[in-house]
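For reference, the structure is listed below as structure tokens.
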Amino acid sequence: MSAQFDHNRKLYIETVGCQMNMLDSELVVAALRKDGYELTDDPKAADTLLFNTCSVREHAEHKIYSSLGRLKYAKRNAPHKVIGVLGCMAQKDQDLIFQKAPHVDIVVGTGQLAEIPRLIRETRESANRVQQKAVSLGRRDGSVKEVSGSFQSYDPLRDPEMRPTPFQAFVRIMIGCDKFCTYCVVPATRGPEQSRSPSEILHEVRVLADQGVKEICMLGQTVNSYKYSEDGRQHRLSDLMYAIQQVEGIDRIRFVTSFPKDMTDDLLQAVRDLSKAVRYLHVPLQHGCNEQLRLMKRGYTVEDYREMMGRINETIPGCSVSSDFIVGFCGETEEAHQKSMDSIREFRFKNSFIFKYSERGGTKAAELLPDDIPEDVKKRRNNEMLDVQNAISEEGNADFIGSRVSVLVEGPSKTSEKRAARGDAITVPGDPLATQLMGRSECDRIVVFDGNPRLAGSTAEIEILDCTGTTLIGSIVTREVQHGSNTVLPILS
Ligand code: 5AD
Ligand code: SF4
């Protein structure tokens, strides 16, 4: 059998969906590196191809099925290739995946990712391929222990190459969700809400700090619902923030995604009082009309959200808030849609992620509420919302012109290469290596400026000169090099 012979241990991984999925992929890659795998971005060169999937909207599922479809013939010519589908779709549609894409070898649900190295090994070693799946039991079948056991022992394995940048890392503090919004598939795909022990989280943060990570982003579907009883007391997200504040090497602490009803004062005070806390909250409103919020079963009204925004603005002046919105949800009238747009104007979100409603099998909305808004109306409302949000974002960004912001430098900006190709002038005199860099301000705004790429990972002060709806454009503030000090960055402009 040629399986062993052709095995080159090159791994191709495609990830769609949220930060949770990005983190899962990082953990899977780290585990497979231990088995001698190395990453490739060429699916043709790989002998192992993994697809980490998302089920939140139908579009994401289509994308995966078309990627899988493209592999059908590749697999026919190279039957030794192992193809795996991981994550939310694997959890939800295990048999359907094998049916629609019979060339898939393994299907691994969200709670079983630690099984992947074993499953790949077994698949590769078996002479006659048998399709395998590892999908935890549903949330009603007492799978809590099984799922949490799997993720607790798994998170410490990390892979720097898979991170957003070498200086930023996600740390999962909880999994699952118990809110059961009627449109959402997450409670089914990610299981019940379970928080992780603070001592394990802190251990992981310290390890990451030792590896040079500067910014920790704590992840949870409803991250501010975090609670864990340990050492005779209950720990909340604010307690985790105070603990991480003490970790040397970490400069910034952030968390996503918050649930409006769980935005407690102790958390807001922690964001206000801790020097490392990023002044940014992602708290999806989802809709600006109470009737729609009721149908979505979000558990709050626009008035409740307004009260929360009042507390945020009072406690943390200058805090940026971003939101998610769904347009075209069941029964959404033109008037309801206008109310959503009014809420963007009222709350002046830094930015909003706006999604067309996508009916998901297994949710309460799919069972009880007709998906009755035509696609062209969803599309139009989506565009109208985007226009309103873009105007608000640009106004919000314009307020920064003339001020100075502190930026954690992430590296060259997306446009820097294009700019270099065009031969545009570099505005840093005497520094031929300078290029356009990007980073984020303390309130999570994207900032671009010219500077030396070796600034990546450091914090720089940037004077804001201009903006677009998505970006602040600035120039690095000149700093004197202090003689005898090796901690001050060299002068760059
Ligand atoms: N259709 C459209 N958008 C959805 N979201 C969640 N479920 C759906 C759905 N069925 C959006 C919500 C959530 C974000 C991650 O995705 O706005 O906050
Ligand atoms: Fe989905 Fe609602 Fe849970 Fe968010 S809070 S993951 S939208 S069920």
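The values are calculated or read from the model by the stated rules, or taken from the named source; none is laboratory data. All figures in this text were calculated on a predicted structure; none of them were measured in a lab. Quick reminder, even Gly has a Cβ in these numbers, built from the backbone with ideal geometry, and neighbours come from all protein chains shown. We work out accessible area using only protein heavy atoms, side chains counted, and drop any ligands, DNA or RNA first. Shrake-Rupley method; radii C 1.70, N 1.55, O 1.52, S 1.80 Å.
How many of the residues in region 1-25 are open to solvent by less than 20 Å² (accessible area, probe 1.4 Å), modelled with pLDDT of 90 or more and in a loop (DSSP other than H, G, I, E, B)?
1
Within region 204-219, can one find any residue that is within 11 Å of ligand 2 (Cβ to nearest atom) and out of contact with any Lys or Arg (no Cβ under 8 Å at 6 or more places or on another chain)? I'd like the intermediate steps shown before the answer.
From region 204-219, those within 11 Å of ligand 2 (Cβ to nearest atom) are none; that's our starting set.
Looking for residues that are within 11 Å of ligand 2 (Cβ to nearest atom) and out of contact with any Lys or Arg (no Cβ under 8 Å at 6 or more places or on another chain), one finds none in region 204-219, hence no.
Testing ILE426 on (1) open to solvent by 20 Å² or more (accessible area, probe 1.4 Å); (2) hydrophobic (A, V, I, L, M, F, W, C); (3) at pLDDT 80 or above, one condition comes back false. Which one is that?
(3) is the only condition that ILE426 fails.
Out of (1) within 16 Å of ligand 1 (Cβ to nearest atom); (2) under 22 Å from SER275 (Cβ atoms); (3) open to solvent by 10 Å² or more (accessible area, probe 1.4 Å), what's the single condition that is false for LEU202?
LEU202 satisfies every listed condition except (1).
Examine region 216-226 for a residue that is over 17 Å from the mean Cα position of the chain (by Cα), open to solvent by 30 Å² or more (accessible area, probe 1.4 Å), assigned by TED's automatic domain parsing to the domain that holds GLN269 and more than 20 Å from LEU408 (Cβ to Cβ), and state whether such a residue exists.
No - not one qualifying residue is present in region 216-226.
Can you find, within region 26-44, the residue that is farthest from ligand 1 (Cβ to nearest atom) among those that are surrounded by fewer than 20 Cβ atoms within 10 Å (Cβ to Cβ) and either free of Cβ contacts under 8 Å to residues at least 40 places away in the same chain or within 30 Å of GLY361 (Cβ to Cβ) (or both)?
Out of the qualifying residues, it is GLY36.
Condition check ((1) surrounded by 20 or more Cβ atoms within 10 Å (Cβ to Cβ); (2) of a type outside the set (Ser, Thr, Tyr); (3) out of contact with any Cys (no Cβ under 6 Å at 6 or more places or on another chain)) across all residues:
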position: ALA46; (1), (2), (3): yes, yes, yes
position: SER55; (1), (2), (3): yes, no, no
position: LYS72; (1), (2), (3): no, yes, yes
position: ARG76; (1), (2), (3): no, yes, yes
position: ILE83; (1), (2), (3): yes, yes, yes
position: MET89; (1), (2), (3): yes, yes, yes
position: LEU96; (1), (2), (3): no, yes, yes
position: VAL108; (1), (2), (3): yes, yes, yes
position: LEU113; (1), (2), (3): yes, yes, yes
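Inspect region 57-67 for any residue being under 22 Å from ALA114 (Cα atoms), at pLDDT 90 or above and either open to solvent by less than 10 Å² (accessible area, probe 1.4 Å) or within 16 Å of ligand 2 (Cβ to nearest atom) (or both) and give the result as yes or no. Reasoning before the result, please.
Of region 57-67, the ones under 22 Å from ALA114 (Cα atoms) are 64.
Right, trim to at pLDDT 90 or above and you get 64.
Then drop every residue that is not either open to solvent by less than 10 Å² (accessible area, probe 1.4 Å) or within 16 Å of ligand 2 (Cβ to nearest atom) (or both), which leaves 64.
Scanning region 57-67, I find at least one residue that is under 22 Å from ALA114 (Cα atoms), at pLDDT 90 or above and either open to solvent by less than 10 Å² (accessible area, probe 1.4 Å) or within 16 Å of ligand 2 (Cβ to nearest atom) (or both), so the answer is yes.
Would you check which residues across region 153-180 are modelled with pLDDT under 70, over 13 Å from LEU208 (Cα atoms) and surrounded by 15 or more Cβ atoms within 10 Å (Cβ to Cβ) and list them?
Matches in region 153-180: TYR154 only.
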